[in-house]
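Values in this text are rule-based calculations from the coordinates and carry no lab data. Because the structure is predicted, anything quoted here is derived from the model rather than measured. Because the Cβ atoms are built from the backbone with ideal geometry, glycine has one as well, and the counts that use them run over all protein chains shown.
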Amino acid sequence: MANIGLLVLDRTAWARVAEDPAAFAVEHTLTLGAEPDLLRRVGQQTVAMLQRTGATTLWTGYLAVDRAQQIIIGTCGFTAPPDAEGVVEIAYFTFPSFERRG
């Protein structure tokens, strides 16, 4: 099993992912893997969600990274900040080439 880490992204970082995932990866010493267009779409959807909800860091979302290879393997985050009762909903996505690996 890989050593997975989470990289929290703020609004500016998500906008960079949506604009140019390859440049974002280089800037953060990461490897994109086989899904740069998929990562771009996830970035675009995350930017839209952030605009819609007004979420702030730490509620903006994360990239899941295999630390051994420094490769982006998926994303996760909260669908919105906590509600009045402190409840949050999480969402996650593993890129297809990294699914079913435990």
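List of remarks:
- Taking a quarter of the surface of the Cα convex hull of the stretch 4-98 gives a mean projected area of 5.7 nm².
- Note on A48 and T79: the extension gain reaches 10.0 nm, defined as 0.36 nm multiplied by sequence separation minus the Cα-Cα distance.
- Against the chain, whose longest principal axis comes from its Cα atoms, helix 36-53 is set at around 10 degrees.
- When the helices of the chain are scored as -39500 (n - 2.57) per DSSP H run of n ≥ 4 and the total is divided over every residue, the value at 222 nm lands at -10000 deg cm²/dmol.
- Residue exposure sequence - F93, F24, F98 - by fewest surrounding Cβ within 10 Å: F93, F98, F24
- Computed over the chain: relative contact order in percent, which uses C-alpha pairs under 8 Å that are six or more apart: 30
- Other-chain or far-sequence residues with amide H under 5 Å of A80's (modelled H): E89
- If you take the Cα centroid of the stretch 1-65 and the Cα centroid of the stretch 85-102, the two points sit 14 Å apart.
- A cut-off of 5 Å between modelled amide H atoms, ignoring neighbours fewer than 5 places along the same chain, links F95 with G74, T75.
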